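Down below is the structure, laid out as structure tokens.
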Amino acid sequence: MRPRISLLFLLSAVLISAPISFAQESGKTKTASSRESNTHSAAIEGTVFDPSGRPVARARVSLFFSLAPIEERLTDTQGQYKFTALASGNYELAATVPGFSKLSARVELKAGETRKEDLHLELSAVQQEVVVSASLGGALAPQTGSSVSVIGRQEIEDRGAQTTSDVLRGSPGVEINQTGRRGAVTSAFIRGGNSNYNLLMMDGVPLNDFGGGFTLAPLPADGVERVEVIRGPQSALYGSNAVAGVINLVSRRGEGPPQFSFLAEGGSFGTRRFAGGGAGLTHGFNWAFNLSRLDTHGVVPNDNYWNQASTVSLGYSRSPRRQFSFHFFGNANDAGEPGPYGSDPDQLFFGLDTVSRAHQNLFSYQASYSEQFSARFRQVTTVSVATNRFIFHSPFGDSFTKNLRVVTNTRSEIAVSERDFFVAGFEFDHEQFQNTFVTDANNVPFALPRANYAFFAENRWNPGGRWFINTGVRVDFIRTASLPADAFGSRPFLPASSVVQANPRVSIAYLARGGDRGSALGGTRVHGSFGTGIRPPDGFELGFTNNPALKPERTISFDAGVEQRFWRERMVFDATYFFNRFKDQIVTLGGTFQNLSTFSSANLANARAQGLETSLRLRPIRSLEISGQYTWLNTDILALDGATGVQSPFQVGQPLLRRPHSSAGFNVTWLHRQLMLNLNGSIRGAVLDLEPNLGNFACILGFQCLFRNPGYALLNGGFAYRLPGGVEIYGRLNNLLNRRYEESFGFPALRLNFMAGIKFHFPAEGARPGSK
């Protein structure tokens, strides 16, 4: 108890005694009445122009103070923007539209002054955009030392992505693995980490199940403004489950005049998709919503699938000092599970499953309130709830899994100076798990709760103009409730247990040379990060053990890289080396390893992963954008603690399952007036895979259980053509090469298939940047 009181006292003292310094609420639009009430405050206004000197409508302009984004605007139809009710100080501006960006020099603003600052966009492969999940409060992408990828809405639409997994496919350091067709369990492996080592968020709301597991399959691409991927452990920011990385889906926000859109498409295998939504801003009230439905017949019996999803984003701000926001995400889906029917040699024994189905209901809610108590100090409080319920129908009867997570977070944002930004706060996280097969002494399923109390702090510092140093730490107090004995005597009564875990994080970015647009060479940015991560045991690991003190699995990781900008920043190349050491992994013991622990399971397994990520973005002319990446990955299974080997059938030095040594991806988009053409693809090398029906147990029965799954090349192409009146027709071909391959052994992917559709935009959208 004493460490909690001491830390709370220290944190409170820091917040009270620190110099008060913050500049306005982030990303919020001020109303006319609020502007009039601040006539003695300063303002920045101007116009955003394209390279030919024409004003650019709906360009995103971000305002920064003390390294933090404090407001965002979309330019009006005349390309104009305005930030009002500002305190005096030095600010920065960043303007961006896809393929074009501009970062201003520091703007010195005096009290009561209205400063005019026009921004002239230039062709750029460097997107000066705010990444909200890279740092508490958000940060400008080039100013963070972490490895970050952002896929924007325009690229999502150009690629014809239907789901989040489609968006992530081909990203640096990310391997997407799908056990079948649409709706099948879909996992992400980031930098060699397990699929339950990734924190998945929707608008900052954690969606992971109890213990970190999650499938990407139900998450649609509709209504998503951008997808952020932060590689490397981020437990210093987000606590448990952020072991290998963070995936954050940011839904569309209401900005500018009301806009509405609708699409309808159809294609191979009886696939149909409908989606519609809108967004706008009226008298301080911003709103956005999206509804979607996807249906497909599948390839074999019991392979049909449907998915319906909705997002709602609301915000209200009648005062520049106060902002309220609300986000909702809902998803219901139903998927047949015919089982593996591809190259699995044991399929003749099991046959095609025509009964098993999975139904899922996933909901998340978030309410956030921020208040600016003085010109430079803001408090942000957020409450979120996420529920995830599965119902499984199988030949052996029905079963269910229920997950609940409630998170309350409050943080103080303080600008210590114009080059030093400090954030600190407290979080309470309650999660709960219930499953048909985890039962008490009466063989009745029970709810297993876990509570997490966390203190966190982060500091961003910009000494001089070239260094950007981010340090942070989070201390988690994780308490798991007691478990009753089961009815079979395999699990005794397990008393409540507690774990205290501190996770530090450091990231550094250094602008080694230039970077100004006047340099033909561009600039060099050196970046690196170090951090640790944790994943507490999941419900099954706790429900089927006699170990009263299973600890969280841990990782320690670092990376270092160089980003080189060429050709006036029209080309950007990045190469990053990373190393991960996974420790205290939970393993079930038996056979010759029984003497390693007095319990049936313990934190004894170890693994490591290292590799090289390379990426290239190129914008040689206005109408052409090219991006590509290659990842080399080397993973190793290490010996169990206290032993020289690992459990059969695995061997020390063997690669981890479904992690390819080599993978690559690319995306090419070409614009000509109203026509858009897109070509994208991904390549994966061979992987070690597991027998899909019985897993390791297949070896005990005398079957082969480990297989070499050969690699594949996936190529997709599409077009879109804008007609007058806000109408757009489009189509795409997936798996253009008509390759037969299996991402997961025994589960064939779709062969050559097509989709075609029509979109309506109200009012009609203007020409895309770069289309002329």
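Calculate, axis by axis, the spread of Cα positions in segment 139-262 along the three principal axes, and write the results as whole Å, longest axis first.
Here the Cα extents, ordered largest to smallest, are 42, 39, 26 Å.
Could you calculate the FRET efficiency of ASN302 with ARG740 from 1/(1 + (r/R0)^6), where r is the beta carbon distance between them and R0 is 22 Å, rounded to 0.05?
Working from the Cβ atoms, E equals 0.60.
What's the center-to-center distance, using Cα atoms, between segment 729-745 and segment 164-196 in Å?
16
Could you give me D for segment 580-709, from Stokes-Einstein at 20 °C and 1.002 mPa s, where the hydrodynamic radius is the Kirkwood radius over C-alpha pairs? Units µm² s⁻¹, please.
119
Net charge around ASN546, counting only other residues with Cβ within less than 14 Å of its Cβ (Lys, Arg = +1; Asp, Glu = -1)?
Surrounding charge for ASN546 is -1.
What is the mean projected area of the alpha carbon convex hull for segment 388-508, to one decimal in square nanometres?
10.8
Could you work out how far the C-alpha centroid of segment 60-74 sits from that of segment 244-284, in angstrom?
Between the Cα centres of segment 60-74 and segment 244-284 lies a distance of 24 Å.
Kindly list the residues of segment 411-430 that lie in the label zone of VAL506, defined by a backbone N under 19 Å from the point 7 Å along the Cα-to-C-beta vector.
Counting backbone N atoms under 19 Å from the label point, the list is 420-423.
Any chance you could run the full-extension gain for HIS359 through GLN80? It's 0.36 nm times the residue separation minus the Cα-Cα distance, nm to one decimal.
Full extension from HIS359 to GLN80 adds 95.6 nm.
For the chain, what Kirkwood radius comes out of the mean inverse Cα-Cα distance, in Å?
It works out to 27.2 Å.
Relative contact order (percent) for segment 34-152, with alpha-carbon contacts under 8 angstrom and 6 or more residues of separation?
Worked out over segment 34-152, it gives 28 percent.
Once the Cβ-Cβ distance between ALA639 and HIS393 is put in as r, and R0 is 51 Å, what FRET efficiency do you end up with, to the nearest 0.05?
0.80
How high is the relative contact order of segment 179-325, in percent, counting Cα pairs under 8 Å that sit 6 or more residues apart?
18
For a quick size check, give me the Cα extents of segment 514-624 along its three principal axes, largest first, whole Å.
Reported extents, whole Å, longest axis first: 67, 25, 22.
Any idea of the accessible area per residue across segment 471-600, 1.4 Å probe, to the nearest Å²?
Heavy-atom accessible area per residue stands at 43 Å².
At 7 Å along the Cα-to-beta-carbon direction for both ARG293 and LEU596, put a label point, then send me their distance in nm to one decimal.
5.2
Ranked highest first by the average count of other Cβ atoms within 10 Å around their residues, in what order do 137-150, 439-452, 738-751 fall?
Top of the packing list down: 137-150, 738-751, 439-452.
Rounded, prolate or oblate: which one fits segment 48-169, using the alpha carbon gyration tensor with axes a ≥ b ≥ c (rounded when a/c is under 1.5, else prolate when a/b beats b/c, else oblate)?
oblate
Specify the inter-centroid distance of segment 87-154 and segment 421-485, based on alpha-carbon positions, in whole Å.
31
Multiplying the sequence separation of PHE573 and TYR369 by 0.36 nm and subtracting their Cα-Cα distance, what value in nm do you get?
69.5 nm
Taking the convex hull of the Cα atoms, report for segment 114-162 its projected area averaged over all directions, in nm².
Mean projected area of the Cα convex hull: 5.8 nm².
Across segment 357-425, what fraction of all alpha-carbon pairs, as a whole percent, falls in each successive 10 Å bin from zero upward?
17, 29, 20, 16, 12, 6, 1
If you line up the Cα atoms of segment 558-622 on their principal axes, what length do they span on each, largest first, in Å?
For segment 558-622, the Cα spread along each principal axis is 65, 20, 14 Å.
Taking 0.36 nm per intervening residue step and subtracting the Cα-Cα distance, what contour gain separates ASN442 from VAL406 on full extension?
10.1 nm
For the pair ARG581 and ALA105, what calculated FRET efficiency results from E = 1/(1 + (r/R0)^6), where r is the Cβ-Cβ distance and R0 = 45 Å, to the nearest 0.05?
About 0.60, to the nearest 0.05.
For segment 276-311, list residues with backbone N below 20 Å from a point placed 7 Å from the Cα of VAL727 toward its Cβ?
Only 276-277 fall inside the zone, counting backbone N under 20 Å.
Rounded to two decimals, what is the ratio between the C-alpha radius of gyration of segment 315-404 and 2.2 N^0.38 Å?
Ratio of Rg to 2.2 N^0.38 Å for segment 315-404: 1.89.
With a/c under 1.5 counting as rounded, go ahead and sort segment 221-283 into rounded, prolate or oblate using the C-alpha gyration tensor (a ≥ b ≥ c being the square roots of the eigenvalues; past the cut-off, prolate if a/b is larger than b/c, else oblate).
oblate
For helix 2-17, what angle does its Cα long axis make with the longest principal axis of the chain, in degrees from 0 to 90 and rounded to 10?
Approximately 10 degrees, to the nearest ten.
For the chain, calculate the relative contact order in percent as a whole number, restricting contacts to Cα pairs under 8 Å that are 6 or more residues apart.
Answer for the chain is 11 percent.
The values are calculated or read from the model by the stated rules, or taken from the named source; none is laboratory data. Model, not experiment: these values are computed from the prediction. As a convention, Cβ positions derive from the backbone with ideal geometry for all residues, glycine included, and neighbour counts pool all protein chains shown. Surface areas here come from the heavy atoms of the whole protein model, side chains and all, with no ligands, DNA or RNA. Shrake-Rupley method; radii C 1.70, N 1.55, O 1.52, S 1.80 Å.
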